[in-house]
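Visitor: Let me give you the structure first, and then I'll get to my questions.
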Amino acid sequence: MRRTHRRFRPALAVAVVAALAFAACTDGDERGDFRPGAPDLADPYVPGAGNGGYDVAGYRLTVRYDPATDRLAGRAALTATATTGLSRFNLDLAGLDVSRVAVDGRPAGSARDGDELVVTPRDGLSRGARFTVEVDYSGVPAARADGQLGSGGFLHTDDGAIALGQPWSAATWFPVNDHPSDKATYDIEVTVPQGLAALSNGVPGERSSADGWTTWRWAERAPMASYLTTLVIGDYRVHSGTHAGRPMVTAVPASLPATGPEAASLARTGEIADFLASRFGPYPFDSYGGVVVTDGRIGYALETQSRPVYGPGFFRGGRPNLGVVAHELAHQWFGNSVALSRWSDIWLNEGFASYAEWLWEEHDGGRTAQRNFELEYAATDWSRPSVDPGRSGLFGSAVYKRGALAVHALRRTVGDDAFFRILRTWTAERRGGNATTDDLIALAERVAGKPLRPFFDAWLAGGTAPALP
């Protein structure tokens, strides 16, 4: 994510919470070897998000949205594996009404507990069992507000809707295990009034129209974190083509000029992705693209998988903004393909994406990465850490800029050859998975052939300016 403007506050102290991960919790619902799955993954940055006891492999979402009434009706079909014996389990779902739940094709019990949907299958699910869940739901979706992290989720717009947000958004429009530690594939089918576009993640499928409605189909076959899903509905000028043998889909609101800075920026997507691939390794997904939105509530750009969404603030100067395109495309490697295991390591996303801006600027004839490093080093508040920045610091400058400083300092410390081997090895070995800061340190030490933990400690968390390498 990149924001057009940020307000920085001191990081809040975060209590150390025992990681529940996928452990089961016990209560009066125990049935032999079956127990309720944990209703929360105990990530202190996103309290209540995610659920334990199962691992989702894939989602098949079929939704219908009518902007005239702001009503959405959907069916979500999940394929998952029980990671412990389950008597019941939870899904995250905010505000929508559920009319039917089935597990393995048989009616299942369901109840609401705030933003949780509690599902009780007719029989317990054994550890290791693969199962399916179907949920029919409907209602008027709404964004979720947070005093520290802002608003995320489903927004009704003048001509349609936008589902977008970090660290959450998905649970406002479909039932989900809403934490990046449980990545899955997605098939998304969206029906909207004819004449409107319905844009989402992945490879475009067949489009069909009947009775005044059009169904748009999308498929993301690479594992994706739930916050990286998006749905953009409205009057858009959609351009479909190919790049490097893969589909390229970009979209700009029809209200914007076809030759404006927004369209001109998206037109460079393939070129910028190719440059980044020369530094980071092969592009990790089956499609490219991007979507521009004009809604002023979107004060950021977000790396929604394979198809980033760009808010209006990045193009107010009347000129193309290639830096933000480089930032969001870099996330396709750092943050999307290699995803977080926990939100306290968000610098792994933002530090590398911010550094990609420096690499692109130098490549495009602007300031060098070294000069950007020098300027940022002089302006940095070293009292704010990049790693585990506190909930209020999740999108602070320490995560982005100090994170980028650490990346360039690593380059200076190990040399260009080892540095780019570290990056390409990281994106290759961790492709499609999750990782932590400790994982990166271990890999960097292995590739560079020397201890680097003191270096990372100083550049990511030390309270004073580290010595320049």
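The values are calculated or read from the model by the stated rules, or taken from the named source; none is laboratory data. Just so we're clear, the structure is a prediction, and the values are computed from it rather than from any experiment. So basically every Cβ, Gly included, is an ideal-geometry build from the backbone, and we count neighbours across all protein chains shown. For accessibility, only protein heavy atoms count, side chains too; no ligands or nucleic acids. Shrake-Rupley method; radii C 1.70, N 1.55, O 1.52, S 1.80 Å.
Visitor: Among the residues of region 345-357, is any surrounded by fewer than 24 Cβ atoms within 10 Å (Cβ to Cβ), at pLDDT 95 or above and more than 18 Å from Pro167 (Cβ to Cβ)?
Guide: yes
Visitor: Are any of the residues in region 370-378 open to solvent by 10 Å² or more (accessible area, probe 1.4 Å), within 27 Å of Thr413 (Cα to Cα) and among the hydroxyl-bearing types (Ser, Thr, Tyr)?
Guide: Checked against the condition, which is being open to solvent by 10 Å² or more (accessible area, probe 1.4 Å), within 27 Å of Thr413 (Cα to Cα) and among the hydroxyl-bearing types (Ser, Thr, Tyr), region 370-378 yields at least one hit.
Visitor: To continue, here is another question. Please state which one of Phe275, Phe280 is within 30 Å of Asp417 (Cα to Cα) and crowded, with 22+ Cβ neighbours inside 10 Å.
Guide: That would be Phe280, the only listed residue that is within 30 Å of Asp417 (Cα to Cα) and crowded, with 22+ Cβ neighbours inside 10 Å.
Visitor: Consider Glu206 carefully, then state whether it is acidic (Asp, Glu), farther than 20 Å from Asp295 by Cβ and open to solvent by 40 Å² or more (accessible area, probe 1.4 Å).
Guide: yes
Visitor: In this structure, does Leu256 turn out to be of a type outside the set (Gly, Ala, Ser), over 23 Å from the mean Cα position of the chain (by Cα) and surrounded by fewer than 24 Cβ atoms within 10 Å (Cβ to Cβ)?
Guide: Yes; evaluated as a whole, the condition is true for this residue.
Visitor: Quick one: in region 105-145, of everything that is over 16 Å from Gly53 (Cβ atoms) and among the acidic types (Asp, Glu), which residue is least open to solvent (accessible area, probe 1.4 Å)?
Guide: By that ranking, first place goes to Asp136.
Visitor: Assuming Arg100 fulfils every condition listed in (1) without any contact (Cβ under 8 Å) to a residue 40 or more places away in the chain; (2) on the phi > 0 side of the Ramachandran plot; (3) not polar (S, T, N, Q) apart from one, which condition is it?
Guide: Answer for Arg100: the failing condition is (2).
Visitor: When the residues of region 398-452 are filtered to those that are small (Gly, Ala, Ser) and under 25 Å from Thr380 (Cα atoms), which remaining residue is surrounded by the fewest Cβ atoms within 10 Å (Cβ to Cβ)?
Guide: Gly415
Visitor: Here's another thing I want to ask about it. Among the residues in region 403-411, are any without any contact (Cβ under 8 Å) to a residue 60 or more places away in the chain and over 29 Å from Ala222 (Cβ atoms)?
Guide: Yes, the conditions are met somewhere in region 403-411.
Visitor: Separate question: Which condition number does Gly290 fail, the rest of (1) open to solvent by 60 Å² or more (accessible area, probe 1.4 Å); (2) at pLDDT 95 or above being met?
Guide: (1)
Visitor: Which members of region 321-337 meet the condition of being open to solvent by 10 Å² or more (accessible area, probe 1.4 Å) and outside any helix (DSSP H, G or I)?
Guide: Answer for region 321-337, where residues must be open to solvent by 10 Å² or more (accessible area, probe 1.4 Å) and outside any helix (DSSP H, G or I): just Asn321.
Visitor: Within the set of pairs 6+ apart or on separate chains, which have a first residue in region 305-320 that is without any contact (Cβ under 8 Å) to a residue 12 or more places away in the chain, a second that is outside any helix (DSSP H, G or I), and C-beta atoms under 9 Å apart?
Guide: Arg316/Thr4
Visitor: Among the residues of region 29-80, which ones are among the aliphatic types (A, V, I, L, M), under 30 Å from Gly390 (Cβ atoms) and either open to solvent by 30 Å² or more (accessible area, probe 1.4 Å) or touching a Cys at 6+ places or on another chain (Cβ under 8 Å) (or both)?
Guide: Ala38
Visitor: From the list Arg112, Arg100, Arg106, Arg122, exactly one residue is within 21 Å of Glu189 (Cβ to Cβ) and not hydroxyl-bearing (Ser, Thr, Tyr). Which is it?
Guide: Going through Arg112, Arg100, Arg106, Arg122 in turn, just one is within 21 Å of Glu189 (Cβ to Cβ) and not hydroxyl-bearing (Ser, Thr, Tyr): Arg100.
Visitor: Just one of Glu350, Glu357, Glu328 is in contact with a Pro (Cβ under 6 Å, 6 or more places away or on another chain), closer than 21 Å to Leu394 by Cα and not β-branched (Val, Ile, Thr); which is it?
Guide: The match here is Glu328.
Visitor: Which ranges mark the helices (runs of 4 or more DSSP H) fully within region 342-440 that have 2 or more residues being closer than 17 Å to Gly281 by Cα and not charged (D, E, K, R)?
Guide: 347-363, 416-429
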